[in-house]
Amino acid sequence: MIKVKKRKFLLLPGDGVGPEVVGEVKKIIEWFNSNKSLDFEIEEGLAGGASYDKYGTPITDEVFYKALESEAVILGAVGGPKWDNLEFSKKPERALLKLRKELKLFANLRPAICFKQLVDASTLKPEIVSGLDIMIVRELTGGIYFGEPRGIEPIDNGERKGINTHTYTSSEIIRVARVAFDLAKKRLNKVTSCEKSNVMEAGQLWKEEVQSLHEKEYKDVELNHMLADNCAMQLLRNPKQFDVIVTDNLFGDILSDQASMLTGSLGLLPSASLGAKNKDGKMRAMYEPIHGSAPDIAGKGIANPIATILSFAMALRFSLNLDKEADVLEKAVQEVLNDGLRTKDIASKGSKEVSTTQMGDAIISKLK
Ligand code: IPM
Ligand code: MG
C-alpha cells in the first residue's frame, strides 16, 4: 500500500494576539480536513516571549526542528513590552530572525492591497489608494540585520560604539531579484528595485546585479531603479505607479510598513517568507500576518484574524500549489467584508462589529 505523506503545518501562535488569530486558522485547517479531505496535519509550538517564559529561550531546538520538518510554518506574532529589557539573544524577535536565517527564507513577499470595501480606512485620499495592489519583495536573510561585525564596544574617553554591518553578495541579490521578476510576470510585469546606490557600495552592487540579471534573463519585464528615500516619497505621492518593489532587508522593513498603511488595514495583510526551491519544486516557507503582537488588545477577542487567514491562503498557494483552495478562501474573506462584517480595527459607521472568533466563523460559513 502506498503511504500518503501527510502535509504538516507547524503553527507558532507566539505572543499577544498571535494565539487568537492563529486559533482561527486552526479552525479553517480543520474545516478543509473534514470537508475537502485535504488531510493536513497540525503541530503547534511555542515561539517568542511565550517560549522564553517557559523555557528561557525564544525558540527551543525541538520547535526549530519541527519547523525544519514541516511543509510550512504559520506564525502569529512575537514580542511585547514584557520582554523589552531582555538581552538581545533572548528577545522574542530572535525566534523570528533565527527561523528566517536558518530556514534560509530569503524572499519576503509583502503585498499591500487596498480592499475596495475599505478604501475609506486609508489616511490617503480614496483616488490615490483605490485599486492599489503592490507586492514588496524584501530580502530577508542578509544586509544589516545579519552582517558581521556587530556589537557595542567601549572606545576612548568612556564612550561606546554601536556597530552593524551592511553587506550583500552578488548571489544574495540575484536570487531575490529573480523572485521579484518572476512574480512581476504574473502581475503587471513591472519591477522597481530600491537601494541607496548614491551613498552605499552595497547599494551600488545591488543596482548593478539587478540590472545585469534583467539584461540576461528578464528583458521582457519593465525595470526601474529608484533610490529608497525617493521610493518612500513616491509611495505616498503616487503609490499606484508600483507593481513589484524589490529591496534589501532594512529598506524592505521600512517601506513595507509604509506601504501597508496606505491600505488602512494592517489587520488584513498577509506575508510569505520563502526559501529556494529544491529539485522537486518544494521550498521551505513561513507565513505570517504583517501586523505585530498588539499587546494592548491581546486577550480581548477583538483582534482581526483576516491577515493570518490570508497568510494561510498564501501557504496553500505557494507551498502546496492549491490555487483553487486559496481562491476559495480569499473569496470567502471578500464576501464577509461585502456583508459589512468588521472587527474593531476596521469598523466604520454602518458596519457590523464582530469578534475574532465570529469573524473566523463567518469566513468558514462562506466556505460551505
Ligand atoms: C518585520 C518586523 C521584524 C523585522 C521584527 C519584529 C524583528 O518588524 O517582520 O517587519 O524587523 O524584520
Ligand atoms: Mg517591520
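Laboratory data are not the source of any read-out in this text; all were calculated from the coordinates shown. In this text the structure is predicted, and so the values were computed from the model without any measurement. Because the Cβ atoms are built from the backbone with ideal geometry, glycine has one as well, and the counts that use them run over all protein chains shown.
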* Peptides 105-113, 24-32, 304-312: what's the order by average Cβ count within 10 Å, highest mean first? -> 304-312, 105-113, 24-32
* To do: Kindly state, to the nearest 0.05, the FRET efficiency for residue 222 paired with residue 89, given R0 = 30 Å and r defined as their beta-carbon distance.
  => 0.10
* Structure fact -> The rounded separation in angstrom of the Cα centers of region 222-255 and region 102-163 is 11 Å
* Asked: How many nm is it between the label spots at residue 171 and residue 116, if each spot is 7 Å from the Cα in line with the beta carbon?
  -> 4.6 nm
* Structure fact -> Close lysine pairs (region 10-95; alpha-carbon distance under 24 Å; 8 or more apart or on separate chains) counted at 13
* To do: Between residue 277 and residue 352, take the C-beta separation as r, use R0 = 35 Å, and let me know the FRET efficiency to the nearest 0.05.
  => 0.25
* Structure fact -> A student applying the Cα gyration tensor rule (rounded when a/c is under 1.5; otherwise prolate if a/b is larger than b/c, oblate if not) would label region 1-134 oblate
* Given H placed 1.01 Å from N in the peptide plane, which residues other than close sequence neighbours of residue 192 have an amide H under 5 Å from its amide H? -> 224, 243, 244, 245, 246
* What percent antiparallel are the DSSP beta bridges of the chain, to the nearest 5? -> 40 percent
* Where does the charge balance sit around residue 36 when Lys and Arg score +1, Asp and Glu -1, over other residues with C-beta under 12 Å from its C-beta? -> -1
* Structure fact -> In deg cm²/dmol, rounded to the nearest 500, the helical mean residue ellipticity at 222 nm of the chain, built from -39500 (n - 2.57) for every DSSP H run of length 4 or more, is -12500 deg cm²/dmol
* Euclidean distance of C-alpha centroids, region 272-314 and region 1-58, integer Å -> 11 Å
* Structure fact -> Taking a crude spin-label model, label points 7 Å out from Cα along the C-beta direction, the residue 38 to residue 254 distance in nm is 3.8 nm
* **Separation between Cα centres of region 179-201 and region 334-353, rounded to whole Å** => 35 Å
* Asked: Label-point separation (nm) for residue 300 and residue 189, each offset 7 Å from Cα along Cα-to-Cβ?
  -> 4.8 nm
* To do: Compute the FRET efficiency between residue 55 and residue 365 as 1/(1 + (r/R0)^6), taking r as their Cβ-Cβ distance and R0 = 45 Å, and round to the nearest 0.05.
  => 0.70
* Structure fact -> Total charge of the residues flanking residue 56 in space, meaning their Cβ is under 14 Å from its Cβ, with Lys and Arg +1 and Asp and Glu -1, is 0
